[in-house]
Amino acid sequence: MTLMNPDDSVLDEQSGGPENTSGTESTPHAEKANSSLTGKEPAESEEVHGFEDIELPPVDYSGYSKQELAETLSLLIDNRPTSEIRDDVDRIKSLFYKKVKAESDERRNKFLEGGGKIEDYRAWVDPLEVQVKMIIDKYRARKTDFSRVQEAEKQDNLRRKNEIIDRIKDLVNREESINRTFQEFRALQNDWHSTGVVPQSALKDLWENYHHSVEMFYDYIKINKELRDLDLKKNLESKILLCEKTEELLLEPNAVTAFRLLQDYHNQWREIGPVPQESKNEIWDRFREATSQINKRHHEYFENQKDEQRKNLDAKLALCEEVEALIQLEIKNFRDFDEKAEKVVALQKMWRTIGFAPKKQNNKIYQRFREACDAFFEKKRAFYADNKETQVVNLQKKTDLCVQAEALQDSTDWKTSSDALIRLQKEWKAVGPVPRKQSEKIWKRFRKACDTFFNRKAQHFSQQDTSFEDNLKAKQAIIEELEKFEPGNDVKAAFEYLKNIQKRWTDIGFVPFNMKEDITNRYRNVLNREFDKLKIGEEDRNILKYRNKLDGLKTNPKASRKVRNEREKFFTRIKQLEGDIVLWENNIGFFAKSANADTMIREVEEKIENAKKLIKTLEEKVRMIDQSGLDD
């Protein structure tokens with residue numbers, strides 16, 4: 001009878017089968033760390049892992065500063081066992097010294113570019129580097145101390161377990177009460193189980209000696225049958241319970257968690273003594289069957305992860321090639337560079353949505369993508385640096401526009417000045433970029449002048465409440481007309497009627513200031529209710545309701561800022577959706593040809609279609625904002 005594990009190891013009855021014919025049990029041993037039932041015993045403290053080329057995602061320290069890396073390294077060494085942090089320490093140390101070297105190279109290059117000679121250059125010593133060396137020295141010392149203590153403890157445990165074996169052997173020659181001898185044997189077994197781990201090199205011989213001594217005890221001691229049968233029965237109950245717990249692991253959704261728990265159950269099985277002869281084959285077959293299924297799930301889980309990681313690698317290769325293609329383009333103006341930069345940023349966002357590539361390629365593909373992005377932005381910085389003169393000219397043009405806008409900000413010629421400021425705003429948009437240090441400052445100056453005028457204009461018209469009584473009556477009449485309106489069966493005619501109502505409402509001027517919010521809310525609620533009655537598409541209804549909202553905001557003197565913010569949010573959402581569409585369309589090509597893949601493709605295509613509809617709605621809302629003049 002054989003059992004195949006995920007590594008195709010073979011279990012024979014002699015090394016891991018059920019109890020032998022002498023009434024004792026041959027304990028199943030583990031041939032590898034990731035196999036529960038094979039020929040070799042694992043170390044008692046040894047953690048059982050899965051396939052070595054698959055690991056759970058490590059902490060990503062690549063975005064940490066030098067100070068954060070040093071602090072994180074110190075916290076890890078001070079608060080966690082040295083045996084758990086080796087990989088983290090190596091990665092943090094590597095990232096830290098890469099940053100130190102980059103800064104050192106940058107300082108040396110600046111010194112040489114400034115006219116200095118290489119023989120006069122003195123290397124800069126980073127204070128953090130000294131601190132990190134001290135932390136690493138502390139880690140090495142603790143690691144050495146930990147290993148020394150662990151080895152001493154293992155040797156002491158080995159000595160104690162050998163003493164226990166000798167004492168069990170001595171029990172065979174005792175001439176005293178059987179019950180007393182058996183109690184002493186049980187106490188020695190408890191001592192054995194409570195004693196910690198021993199050196200790996202001695203483990204196999206130690207367990208063989210122990211089991212041999214136990215078998216001798218059962219074979220030669222004249223133990224009364226009643227006491228022995230009771231002990232065998234208790235062992236059987238314990239193993240039945242272990243079988244049930246192992247079978248429950250088949251329902252555990254996480255294959256890795258189930259596999260790790262299985263290793264604990266196998267250690268417990270090994271510690272339990274023999275069972276009645278008539279039950280040994282049945283109980284062992286039950287335990288082995290559940291083990292085989294869990295091992296198979298564990299193997300399939302990591303195989304699926306490998307497939308997923310290979311798909312991720314293909315997706316990341318495509319992103320690398322796309323950025324590298326952008327680098328090769330000949331870009332001649334600021335606008336094109338800005339558009340391409342936005343595309344690179346979108347590709348970076350897409351990169352973060354893709355999972356890990358296979359371990360051997362993961363760092364390489366990330367380095368390739370990072371270098372491509374850095375090369376593009378370095379090319380952009382060089383272009384901007386070479387065109388500083390153009391940016392200075394643009395700064396002068398925008399300064400002139402600020403002067404013109406400030407001359408109009410206190411004007412009371414509302415129509416002429418409004419048109420003039422709108423014209424200045426269009427000219428502002430046509431002017432190219434200015435030096436980065438002045439960009440925010442010059443924009444705030446221009447924006448302040450425009451806001452000053454339009455806020456004064458809005459306040460002026462909002463205070464003319466006494467002349468707006470007729471407008472109030474006209475709007476109340478429209479609301480009453482809407483409340484009586486019944487759409488009927490002619491959806492198109494009802495739709496045109498409601499659009500005409502919107503136009504009539506917009507054509508009516510301001511109402512008294514203290515009534516505008518109430519009348520606007522009443523109108524919006526009634527109109528929205530009528531739109532909801534129409535059997536038209538959700539997109540059309542959404543657009544009409546938004547036009548209704550914009551009409552209401554025209555009476556709000558502070559609406560322009562709100563609408564501008566909303567317009568920017570729409571643009572941001574459109575860009576995000578376009579990026580999502582690119583990602584989804586790209587990912588479709590990576591799905592394998594299968595029934596499950598077809599289902600996933602349909603779901604992704606549905607997402608793409610919904611995103612395109614939403615983009616169309618958002619673009620229409622932006623167009624309505626531009627036509628309303630609220631964002632000026």
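How large is ³J(HN,Hα), in whole Hz, for each residue of region 93-100 in order, when computed from phi with the Karplus curve 6.51 cos²θ - 1.76 cosθ + 1.60 and θ = phi - 60°, using x for Gly and Pro?
4, 5, 5, 4, 6, 5, 5, 4
How much length is gained if the chain between ASP314 and ASN333 is pulled fully straight, taking 0.36 nm per residue apart and subtracting their Cα-Cα distance, in nm to one decimal?
The ASP314-ASN333 span can extend by a further 3.6 nm.
From a point 7 Å beyond the Cα of ILE118 in the direction of its Cβ, which residues of region 89-107 have a backbone N at a distance under 19 Å?
Under cut-off, by backbone N: 101-107.
Which lysines have a Cα less than 22 Å from the Cα of LYS169, not counting those fewer than 8 places away in the same chain?
Qualifying lysines at Cα under 22 Å: LYS161, LYS204, LYS222, LYS225.
Taking 0.36 nm per intervening residue step and subtracting the Cα-Cα distance, what contour gain separates LYS503 from ASN162 on full extension?
113.0 nm
Is region 224-357 rounded, prolate or oblate when judged by the Cα gyration tensor, a ≥ b ≥ c being the square roots of its eigenvalues, rounded requiring a/c under 1.5 and prolate requiring a/b larger than b/c?
prolate
Could you list the square roots of 5 times each eigenvalue of the Cα gyration tensor of region 98-144, that is, the equivalent ellipsoid semi-axes, sorted largest first and rounded to whole Å?
32, 9, 7
Explain nothing, just compute: Karplus ³J(HN,Hα) = 6.51 cos²θ - 1.76 cosθ + 1.60, θ = phi - 60°, for every residue of region 269-286 in order, whole Hz, x for Gly and Pro.
4, 5, 7, 6, x, x, 10, x, 4, 6, 10, 5, 5, 4, 5, 5, 4, 5
If the reach is capped at under 22 angstrom between alpha carbons, list the lysines near LYS575, excluding any in the same chain fewer than eight residues apart.
LYS316, LYS340, LYS343, LYS349, LYS380, LYS429, LYS562, LYS607, LYS612, LYS613, LYS616, LYS621
Debye calculation, C-alpha points only, no solvent: report log10 I(q)/I(0) for region 389-462 at q = 0.16, 0.21, 0.22 Å⁻¹, in the same order as the q values.
Each listed q maps to, in turn, -0.55, -0.84, -0.90.
Under a straight-distance cross-link criterion of Cα-Cα below 25 Å, which lysines are reachable from LYS93, leaving out those fewer than 8 residues away in the same chain?
Within the straight-line cut-off, LYS93 pairs with LYS66, LYS101, LYS133, LYS138, LYS143, LYS359, LYS360, LYS364.
Assuming 0.36 nm per residue, please report the length gained on full extension of the stretch MET624 to SER411 beyond their Cα-Cα distance.
73.9 nm
Would you kindly derive the ³J(HN,Hα) couplings of region 356-368 from the backbone phi angles with the Karplus curve 6.51 cos²θ - 1.76 cosθ + 1.60 (θ = phi - 60°), listing them in order in whole Hz, with x for Gly and Pro?
5, 8, x, 3, 5, 9, 4, 5, 5, 5, 5, 4, 4
I want the local charge near ASP400. Using Cβ-Cβ distances under 14 Å, sum +1 for each Lys or Arg and -1 for each Asp or Glu among the other residues.
+2
Rule-based calculations on the coordinates, nothing more; no lab input. This is a predicted model, so every value here is computed, not measured. FYI the Cβ positions are ideal-geometry reconstructions off the backbone, even for glycines, and counts take in every protein chain you see.
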